[in-house]
Every structure is written in C-alpha cells, then in structure tokens.
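Readers should treat all values here as calculations from the given coordinates under stated rules, not as data from a laboratory. Keep in mind that what you see is a predicted model, and the values were worked out from it rather than measured. Quick reminder, even Gly has a Cβ in these numbers, built from the backbone with ideal geometry, and neighbours come from all protein chains shown.
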Amino acid sequence: MNFIKSNLLLLLFAFSGLLNAQTNSLSILKLDHLTQDFEISSVSKLTFATNVLNINLNAGSTETISLSDIQKITFNTVSGINNITLDENTAVVYPNPATNFIRIKNITGNNIEVNIYNLSGVRVLNKTLHNQTETLDVSGLSNGIYIVKANAVILKFSKL
C-alpha cells in the first residue's frame, strides 16, 4: 500500500506542473474498469489522505476515491502546438540539423553577409555567400544550437 501511495504522490507532484500546460481532463481508471473523468478547469485541488484521493471541485464538492480502487490516473493534455506552414519564399537553413555544411535558401541579393553565433552570443563564423547554392562549412563547430544572421534575416540551426 505504501508503494501505491508514494507513486500517487509522485503523480500529484507531476499534476502541479501540468496545471501550467493546456490540460483537458483527469481520468481515473478504477479496478472495476470504470473510468471517472474530471475537467481540469473544474478541479481546485487534489489531496491524498489516509488511503483515499480527495478531488476538490470548484463547485465546492469533494469526490473521494479509495486508493485501493484506483488502477491508473491519467492527465490528458493538449500541447497547444500548431502546425507551421512555410511558403516557398520563407528563408530556411538546411539541412537542419546539420553535420558538416549548411545552405541558406530564399535570402535575396548577391554577396549575402552571413554571421553565425552560438547561444552565448559569440560570433563563431563569418562568411559572404555569393549565391544561394553556396554552402557554409560548419564541420568545425561544436554540437549545439546556433543563430544565423543572413543580411536582415535571423534563423537557427542545430549542429550534430
């Protein structure tokens, strides 16, 4: 029983972090295979008392479920990430992630001044590209995330 209680306490800790995410519901699967669902927006507090889980609802009522009846607790979440659609004119660094070289697509003009910075803001590479088919050698860079400034466009890439 202590094993179950300590695992449920870990779930409570995880639940506190999930409140900041876009969470839809709390589902409790009982040993009898019935599920109880609660909208997270209607839950004000979860507490574990001796052998029970108390779910305090915003309406003022409390649901009490015996820990010995609980098989699984699930927090169903939505990430809130939308698909990003790039049009054919969007500036892109590719391949991304890179290993030895990168190219920059859809930067207008000739003699494109390219500066690459690490995340500490230190410029680690500077080169002028004369056309969009020219490559930048990044094989000497350490693995990590880099910011690319090409003319007035800011991009990022990962080096593996």
Extension gain, GLN71 back to VAL52 (0.36 nm per residue minus Cα-Cα distance, nm): 5.5 nm
Sparsely packed chymotrypsin sites (Phe, Trp or Tyr not before Pro) within the stretch 93-160, loop by DSSP, other Cβ within 10 Å at most 10: none
Rg followed by Dmax, in Å, when the stretch 92-159 is reduced to its Cα trace: 10.7, 30
Note, ³J(HN,Hα) from phi for the stretch 48-53, Karplus 6.51, -1.76, 1.60, rounded to Hz, x at Gly and Pro: 10, 10, 4, 6, 9, 10
